[in-house]
Amino acid sequence: WIRPLPFPEPERVVTVMTRSLGFGSLERPEFEVFEGGVAGQALTVDTNLGLRPQIGIDGVGRELEVLGVTPGYFRVFGLPIRGRDFRSEDDVVGAEPVAIISDRLWSHAFGRRAEIIGAVLPATPLPVRIIGVAPPEFEGARRGERADMWIPTRLMPRVASPGWQGVGGPLMIFGRLGPQQTAATINERYLAALVPEAREWETDPEFAKGPVVVPISQVFGTPDTRSFMVTERDAALVVSGLAMLVLLGGCATIAALVLVHYERRRAELALKTSLGAPRSRLVLDLVRDLVLIGAIGTAGGILVAALGLRVLPALSLPGGVDLGRLDLAIDWRVCAAAIAATMLTLLAAAAVPIARSTRPRLVGELFAGLSNTSLASQRIRQALLGAQVAATIVVLVSAGLFVRAVVNGFGHAPGFDVDRTVFVSVQERVRPGDRDMDRQTLITERTDRLARALRELPGVTEVAAGPPPIGPDPGRMTITRVQVGDREHELVAGQLRGSPELLSTLGVPLLAGRPLNVTDSTTTPHPAIVTQLLVERLWPEGGALGQTLRAPNSRFGAFLVVGISGELAFDTLAQPASGVVVTAQPLGSARVSFVIRTDHPEAVAASVRRTIEAQMVKVTTGRELVARDLGRQRLGAWFFSGFGLAALLLGIGGAFGLVAYLAESRQREFGVRLALGADMRHLVRTGLAAALVPVSAGVAAGLVLAGGVSRLFTSLLAGISALDPTTYLLVAAAMLSCATLAALAAAWRLRQTNPSDALRAT
């Protein structure tokens, strides 16, 4: 995420975000304020427009990711093109089909042959002339895009999915700021003025009512999703701070263990010194040991990182952007910095004990029985251990909250039958004759044919046409204002439309009224089933059945309540809607969505992938759908759990190292005490207290800090309080238990103290 975007001055490039589909044209007066120019990119997300380019090049055995752009696209990003850029005459109806390909496609498919530039390549559905190659590493303006080809927007209807009608589609807008311009000034002076009441962008641009200018560095998106922002800046700061705390805790633990290591070797080094071993040879041997330890730790760290990178692509970010679409390869610059930090920490921790353990006076000090440790030194180590434990508690509490949020989301939040549903989205290839058919006839024929094929699969008990209730599917619509009688309500409700059996296939119970039927799709006002939560909000005194619900911002206008269903999450579990309205309506998109009910979702999902031959088929089980929607929570759970485990191990190592250090450095003192009649249990309790007192103080401080830190990501904790007492108690108990076991293991060495040896040495 901190890597720079692959074009010059990315801080000068912004995008215009809006809740609507986009802008129909660049010819708008407000876009003239961008002094550096403006460009558009066609929305290829599967909306009711069905605009999805489908270009296949002979010899390239995979689906190409194609984006439609206006001629000024590459100029806005300041990118030179090998060959030539798009011209205005390329973006007109009837112009020769031309394209610019990515450097990756040019290298992998064409061996970087220069003659490809300017050549006409055989392709489906029509030949395309390659006029240029984009610069290396640039594969799209938004993080998450991996485009293979860019074409003019006016070419898209000729290569789009079947049923497309028209000459263009909605555009995402990219602009380049002038020297004195910022996103904030443009928002304040121009775009916000279009919708005077829309000032939400000042606090949360993602939920603004009007157009909002956003820096491109804060935007994620793919052809299958709209642009969305990553707004958790506080969470990013928290993550960075926790990582630094864990790093410092690791340094403290290494220092403690290195001190123990050299304390145990003092006698050996004294013997070698007395036998004439040169000091340089001793130092060289000790440094060689450190380098070996560092090399083993580095190899282990890289192995853990490689395994972690294999797990991350299975997670997703909000909006359904898979982390696998991002560049998650190991960065060797980071590895070099980690190796350097490891070696410097080892050398810094070992510098003083090496210098002390190899000096000529060591032999005399050992025979004199002088102690190497001081009360101040012990206090410093105890303070470091307490700070390390506090950091560990903060990380563990964060991890526990995210884990509980994920468990809560899987447990009862979705409303539909998570373990018995499969969601299928199909966009078929362009076939001869498709473009000559009426749009609705084409979609109806394809929907019926696919539904029959799905019903015939083994293990399928029910099939319904309709989008999934949660996740990044544009087949759902949102209602933001409803009118019941003379009362108007501001709320966010979802609208699902599909075949009449959609709710029963999802496993959502009908609590009252009647189910939907086929004739409801042609009745006005549209018969609808509403969820219990929406009924409680709009008709708190009851009597919802038979009432009319008007939605001014919905193109359906009004709904007649004929049934009441159980709760059903809509759009996302993190911010559930106030309710859902379900209607029986024919689907009008080029992509068709289905819900399958089965007792064996994994087996049926595999059968669907084998059976349906289409250019684009997405099959997701209910459990996978919830997992993707909880992408932030799952990512936080994995991330903080990994840091928490590392911090816990470091905390245990710190406790063990401190008590072991005391056991080694004060062995003569304890031996003398035993010779004078001290009880062994007293010495063990002394060693335990030396570790548990700072650990307990660190636990108390860590719980207080965790309470403040967790409030920064409260919005990510679906159904869980940031001050969840169960999480805090479990983390505190785990830390104290582990520290106690570590201290007991180290204190046990005190029982090996021999009073006779101590008296003879003194």
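The values are calculated or read from the model by the stated rules, or taken from the named source; none is laboratory data. Bear in mind the structure is a predicted one, so any value in this text is a computation, not a measurement. In this analysis, Cβ positions are derived from the backbone assuming ideal geometry, glycine residues included, and neighbour counts consider all displayed protein chains. Each accessible area value is taken on the protein alone, full model and side chains, heavy atoms only, with ligands, DNA and RNA left out. Shrake-Rupley method; radii C 1.70, N 1.55, O 1.52, S 1.80 Å.
Only one of the listed residues (426, 482, 463, 422) is open to solvent by less than 20 Å² (accessible area, probe 1.4 Å), modelled with pLDDT under 85 and within 20 Å of residue 619 (Cα to Cα). That residue is 426.
Set side by side, the residues 753, 726, 762 differ, and just one is of a type in the set (S, T, N, Q), at pLDDT 85 or above and open to solvent by 10 Å² or more (accessible area, probe 1.4 Å), which is 726.
In the condition set (1) within 22 Å of residue 545 (Cβ to Cβ); (2) in contact with a Phe, Trp or Tyr (Cβ under 9 Å, 6 or more places away or on another chain); (3) part of a strand (DSSP E or B), residue 478 is compliant with all but (1).
Restricted to the range 372-409, and to residues that are under 22 Å from the mean Cα position of the chain (by Cα) and open to solvent by 50 Å² or more (accessible area, probe 1.4 Å), which residue is modelled with the lowest pLDDT?
Result: 407.
Residues are listed down the side, and each one gets a yes or a no for (1) assigned to a loop (DSSP other than H, G, I, E, B); (2) within 30 Å of residue 24 (Cα to Cα):
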residue: 60; (1), (2): yes, no
residue: 75; (1), (2): no, yes
residue: 86; (1), (2): yes, yes
residue: 131; (1), (2): no, yes
residue: 135; (1), (2): yes, yes
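Just so you know, in the range 14-25 the residues that are under 18 Å from residue 73 (Cα atoms) and open to solvent by 40 Å² or more (accessible area, probe 1.4 Å) include one that is modelled with the highest pLDDT, and it is 25.
Within the range 31-49, the set of residues being surrounded by 13 or more Cβ atoms within 10 Å (Cβ to Cβ) and at pLDDT 75 or above comprises 31, 33, 34, 35, 36, 37, 38, 39, 40, 41, 42, 43. Looking across the range 62-73, the residues that are closer than 26 Å to residue 178 by Cα, touching a residue at least 60 places away in the same chain (Cβ under 8 Å) and in a loop (DSSP other than H, G, I, E, B) come down to 70, 71.
Residue 95 falls short of the stated requirement of being part of a strand (DSSP E or B) and modelled with pLDDT under 95. Cβ-Cβ distance below 7 Å, separation of 6 or more or different chains: which pairs start in the range 117-144 with a residue that is at positive phi and end on one that is polar (S, T, N, Q) and open to solvent by less than 50 Å² (accessible area, probe 1.4 Å)? Final answer for the pair search is 144/222. Among the residues of the range 497-533, write down those that are modelled with pLDDT of 90 or more, open to solvent by less than 30 Å² (accessible area, probe 1.4 Å) and part of a helix (DSSP H, G or I). If the condition is that a residue be modelled with pLDDT of 90 or more, open to solvent by less than 30 Å² (accessible area, probe 1.4 Å) and part of a helix (DSSP H, G or I), then 502, 503, 505, 506 are the ones that fit. Can you pull out the residues in the range 593-626 that are at pLDDT below 80 and either within 15 Å of residue 464 (Cβ to Cβ) or not β-branched (Val, Ile, Thr) (or both)? The answer is 613, 614, 615, 616.
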